[in-house]
Amino acid sequence: MKRGLGAAMIRLFVFQGSMNHERLQGLGMAVAIEPLLRDLNGGRAGKAYRSAMGRAAGFFNTHPYLAGLAVGSIAKAEHEGVPPQQIERLRTALKGPLGSLGDRIVWAGVLPAAAAIGLIVLTLAHPLVAAATFLFLFNAVHVALRVWGLLAGWRFGIRVAEALRHPVLQAGLRLSGPVAAVAIGFAIPVVAEWLTVDFDGVAKWGTAGVAAATVITMRWLVPTLGAARLGILVLAMTLVLGWLW
């Protein structure tokens with residue numbers, strides 16, 4: 001196994017720790033890739049190392065959980081002596097696809113699915129068990145993505161597009177959304193029943209009516225107010241109504 005992969009993996013967990021408006025994740029890329037570049041010709045005092053680090057610290061932005069693919073493939077390209085212009089094209093080509101894949105698999109799939117499963121467990125067990133379930137499910141997937149991405153990037157190098165066609169990654173892309181939808185579909189009635197277990201019939205129907213009205217009005221209010229403002233407004237109204245009740 002390539003020397004430095006372990007250190008690069010650890011550094012990937014702070015990939016976004018140095019984000020800034022000028023380079024976004026560029027400094028994080030340089031920090032993560034540095035252990036993989038130490039044995040370039042001339043070592044850390046050599047021109048190859050300094051040039052590679054300079055390129056690594058340039059502008060970069062993608063999904064943090066799949067950034068390992070970029071780190072591994074670019075490091076391998078530097079070791080293989082790929083021309084700088086081609087490495088820059090590789091960096092540019094990876095940003096969009098990795099960002100899109102990560103958003104679809106993680107933010108639109110794994111995160112809501114894990115949260116929904118955690119809420120279902122909350123209705124059946126202690127809150128700490130529910131929290132542990134959510135943390136285990138979400139972190140197991142995102143850590144696996146980080147490890148696989150770095151190893152696959154180093155393996156394929158400039159041919160990293162082959163890694164993006166990996167059957168497991170493609171299966172995750174196809175299934176993450178439907179799995180999240182099914183989990184949320186189960187969680188909504190289960191959690192609603194759990195929250196309203198002490199309500200009488202009128203209160204339950206009133207709660208259902210408010211929920212339905214909120215979903216319907218969100219279609220028109222979200223584009224106008226934005227999701228954050230609407231959330232704050234609903235929270236404020238809930239607090240007022242709860243105090244009046």
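The values are calculated or read from the model by the stated rules, or taken from the named source; none is laboratory data. This is a predicted model, so every value here is computed, not measured. Cβ: placed from backbone, ideal geometry, glycine included. Neighbour counts: every protein chain shown.
Quick notes
- Annotation note: of Leu135, Leu173, the sole residue that is farther than 12 Å from Leu69 by Cβ, modelled with pLDDT of 95 or more and of a type outside the set (S, T, N, Q) is Leu135.
- Any chance Pro35 is surrounded by fewer than 22 Cβ atoms within 10 Å (Cβ to Cβ) and without any contact (Cβ under 8 Å) to a residue 12 or more places away in the chain: no
- Per-region count, region 5-39, residues over 23 Å from Val141 (Cα atoms) and outside any helix (DSSP H, G or I): 9
- Single residue of Gly185, Gly177, Gly206, Gly231 found to be of a type outside the set (Val, Ile, Thr), under 28 Å from His142 (Cβ atoms) and not assigned by TED's automatic domain parsing to the domain that holds Leu137: Gly231
- Scope region 160-174; condition free of Cβ contacts under 8 Å to residues at least 60 places away in the same chain and either assigned to a helix (DSSP H, G or I) or among the hydrophobic types (A, V, I, L, M, F, W, C) (or both); matching residues: Ala161, Glu162, Pro167, Val168, Gln170, Ala171, Arg174
- Flag for Trp154 being closer than 27 Å to Met29 by Cα, within 18 Å of the chain's Cα centre (by Cα) and not aliphatic (A, V, I, L, M): no
- Region 1-30 - residue that is more than 22 Å from Arg155 (Cβ to Cβ) and in contact with a helix residue (DSSP H, G or I) (Cβ under 6 Å, 6 or more places away or on another chain) and, of those, surrounded by the most Cβ atoms within 10 Å (Cβ to Cβ): Ser18
- Close Cβ contacts (under 7 Å, 6 or more residues apart or on different chains) running from residues in region 55-83 that are farther than 11 Å from Ile33 by Cβ and assigned by TED's automatic domain parsing to the domain that holds Val143 to residues that are of a type in the set (Phe, Trp, Tyr) and at pLDDT below 95 comprise Pro64/Phe15.
- Residue within region 71-78 that is part of a loop (DSSP other than H, G, I, E, B), over 22 Å from Leu169 (Cβ atoms) and either at pLDDT 95 or above or touching a Leu at 6+ places or on another chain (Cβ under 8 Å) (or both) present: no
- Test: Gly102 is buried (at least 19 other Cβ atoms within 10 Å of the Cβ), touching a residue at least 12 places away in the same chain (Cβ under 8 Å) and more than 22 Å from Gly26 (Cβ to Cβ): no
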